[in-house]
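The block underneath contains the structure these notes are about, expressed in structure tokens.
The values are calculated or read from the model by the stated rules, or taken from the named source; none is laboratory data. These numbers come from a predicted model, not from an experiment. Cβ placement follows ideal geometry from the backbone for every residue including glycine, while neighbour counts extend to all protein chains displayed. The accessibility values were calculated without ligands, DNA or RNA, using every heavy atom of the protein model including side chains. Shrake-Rupley method; radii C 1.70, N 1.55, O 1.52, S 1.80 Å.
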Amino acid sequence: MSSDRTLCLYNTLSHDVEPVEPIEPGHLRFYSCGPTVYTYAHIGNFRSFLTADLIARTAAAIGWDTTFVSNITDVGHLTQDDLVDPSGEDKMTAALEREGTRFANIYDLARFYTAAFLDDWRALNLRMPDVQPRATEHVTPQIKAVEQLVEKGHAYETDQGVYFAVESFPDYGKLSGNRSAEDLEAGVREELIDDPDKRDPRDFALWKKDPDHLMQWHSPWGWGFPGWHIECSVMSAEYLGDHIDLHAGGEDLIFPHHECEIAQAESLSDDGEPFARTWVHTRFLQVEGEKMSKSKGNFFTVRDLIEPEAEGGRGVDPLALRYTLLSGQYRKPFNFTKKTLKDSARMIRRYQDAAALVEDALERGAAGDDHAPQGDDPQGALGDRLRDIYARTLDAMCDDLNTPQALAVAHEGVKLLHGMGGDLTAASAQSAQRWLEQTNALLGIVWNEHDGEAAPTDDAADDPLAEKVEALLDERAQARADGNYDRADAIRDELDAMGIEVMDSSDGTTWRKKIDV
RNA sequence: GGUGACGUGGCCGAGGGGUUAGGCAGAGGCCUGCAAAGCCUCCUACGGCGGUUCGAAUCCGCCCGUCACCUCCA
């Protein structure tokens, strides 16, 4: 499925939307900064991870090979607090204490939240990266990288650790615009106590000496743990090479994290070529118009939303959450609201209904019970129309991942299929099925590609509620047959109160759970 | 103080010098025992002030407002 399309993305480095041109034509190698696994990931985290997923899907859709690496940070890096109190904790250690005796050690905690993270990843129908390297499994190459930086004169050791010497890298600031040491210093909070032996306030830790840390490794500088920025540079180089096509992450990572990654990586490769050609950053989302924060009560982890209500969640269809996150372009401010989530759930249902129509038509065709096209083949053009719709959907994605536009175009196809309804011929249904598959491969909103791998689905047939509903519907059907519409409507009201909506059609009565977010 | 982004109808959100985004909500219609679902129709906005232009929501300038980062929050 090759095409002449080019994926265009906004490059933070150039401040412009530009075509992505892989170093190896037709093969996109990219890295996306993953989570620190000290708690459940929230919806904002996943807005960023979703961007990487969409890059992978869009690149694949235009016929490129992709090598997609996304790390899992399972080393506790410093919090601000422990700069104040050097014997203090990093955020993983803090999490361990916060959780009491739930985890026997910090590795158990990391394992638990890594597994939870991967569950959420699959639930949201994000494609699995080709490699998900864990920081703790790549400490040796990190130490080697730090050694090389010291040898090359880009780093120096103090009593507290090893620091990158920003002065040795003239391009420092090219990503964020933060170039001046004075300006940066002016903004640094007073309470931050820094290593007094640092040569420049911009210098950042490559290695932290700390023989008391819960996670520590042996290094030429004694026991300690690696700096935050070095893990991404090293793991990216290990799996993708010294120079990559694209590096993605949340907007907060522009500075300092990605600025520092560039400084390290380009100092190590030292050949004048950029570490990453394109830098893509996803904006923070807001919730109901406000910054998402636990104190405001508008903080949502993925599982807060998607877990069944019986398990304390809100029972939101994970694909509806995905659809919501797609409804705003990654680069624009996005206001996450319950209203949008509800609208999205409705849209997902329309896709699923369309898929069901297609499936029915395919079954009819297999049974030799196909409808003949009426008149002069009114459906003959369906395949062409859907091909056009898909082409425009892909165009939208290639235009800086314009997901709202892509969703709007794809929705034309859904309307088309709903409009045909039961008149869909088997031949048309095959075109429609292809379109659904393509659209799902690109946007991931029709069905979850990971279904079957894990994730229990809440199949209505297994629901004890279903039996009760069916019994009531049987009674209602009898009442309707008897012309007792008062009784029939009373039963419908009862079901409505149970969160069930009833749909009568010429083929009988169906029911489903109402969307309630 | 420095750096970067953004301001579109009742709401969410595209587009981007002259011509419909789309969805939700709302109104009307078809269908239905009545509904629901589905289908059809309607609902014309771009923060403010200047400037460029035959013409600006779109380009430029200024202002106002919102968001983010400035040593480890996606």
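Among the listed pairs A:K291/A:K514; A:K294/A:K513; A:K468/A:K513; A:K291/A:K338, a Cα-Cα separation exceeding 19 Å is found for A:K291/A:K514; A:K294/A:K513. At an R0 of 22 angstrom, the distance between the Cβ atoms of A:T510 and A:W447 translates into a FRET efficiency of 0.65. Within the range A:241-262, find all residues whose amide N lies under 14 Å from a label point positioned 7 Å from the Cα of A:S269 along Cα-to-beta-carbon. Residues A:241-248, A:261-262 fall inside that zone.
The HN-Hα couplings worked out from phi for the range A:166-171 by the Karplus form 6.51 cos²θ - 1.76 cosθ + 1.60 (θ = phi - 60°) are 4, 4, 7, 10, x, 7 Hz, whole numbers, x standing for Gly and Pro. Based on DSSP H segments of at least four residues, each scored -39500 (n - 2.57), chain A has a per-residue ellipticity at 222 nm of -13500 deg cm²/dmol. Modelled label positions at A:R346 and A:L416, each set 7 Å beyond Cα in the direction of Cβ, lie 2.4 nm from each other. Remark: the Cα gyration tensor places the range A:8-282 in the oblate category, a/c being 1.5 or greater and a/b not exceeding b/c. With contacts taken as Cα pairs under 8 Å at a separation of at least 6 residues, the range A:8-282 carries a relative contact order of 24 percent.
Solvent-accessible surface of chain A, averaged per residue with a 1.4 angstrom probe and all protein chains in place: 46 square angstrom. Remark: the range A:8-282 carries a charge dipole of roughly 960 debye about the Cα centre, counting +1 on each Lys and Arg Cβ and -1 on each Asp and Glu Cβ. Loop sites here are GluC sites (Glu not before Pro) outside DSSP states H, G, I, E and B with no more than 10 other Cβ atoms within 10 Å. The longest part of chain A free of them is A:192-452. Rounded, prolate or oblate: which fits chain A, taking a ≥ b ≥ c as square roots of the Cα gyration tensor eigenvalues, rounded meaning a/c under 1.5, else prolate when a/b beats b/c? It comes out prolate by the Cα gyration axes. The stretch between A:A356 and A:K291 holds 19.5 nm of extra length on full extension. This uses 0.36 nm per residue minus the Cα-Cα distance.
Let me check against my output: what whole-number percent is the relative contact order of the range A:460-513, with C-alpha pairs under 8 Å and at least 6 apart? Kindly include the intermediate steps, with their values, before the conclusion.
Numbers: 34 pairs, mean separation 10.6, N = 54.
About 20 percent, as a whole number.
Run the numbers on the range A:290-443 and let me know its relative contact order in percent, using alpha-carbon pairs under 8 Å that are six or more apart. Worked out over the range A:290-443, it gives 25 percent. Applying 0.36 nm per residue to the separation of A:E309 and A:S180 and subtracting their alpha-carbon distance, the gain on full extension is 41.3 nm. For chain A, a crude dipole built from +1 on the beta carbon of Lys and Arg and -1 on the beta carbon of Asp and Glu, taken about the Cα centre, is about 800 debye to the nearest 20. Across the range A:460-513, Cα-Cα distances exceeding 15 Å account for 41% of all pairs. Couplings 3J(HN,Hα) of the range A:358-366, computed from phi: 5, 4, 4, 5, 5, 5, 4, x, 5 Hz, in residue order, whole Hz [Karplus 6.51 cos²θ - 1.76 cosθ + 1.60, θ = phi - 60°; x for Gly and Pro].
Given a 1.4 angstrom probe, I'd like the percentage of the accessible area of chain A that is carbon and sulfur, rounded to a whole number.
Solvent-exposed carbon and sulfur of chain A make up 46 percent of the total.
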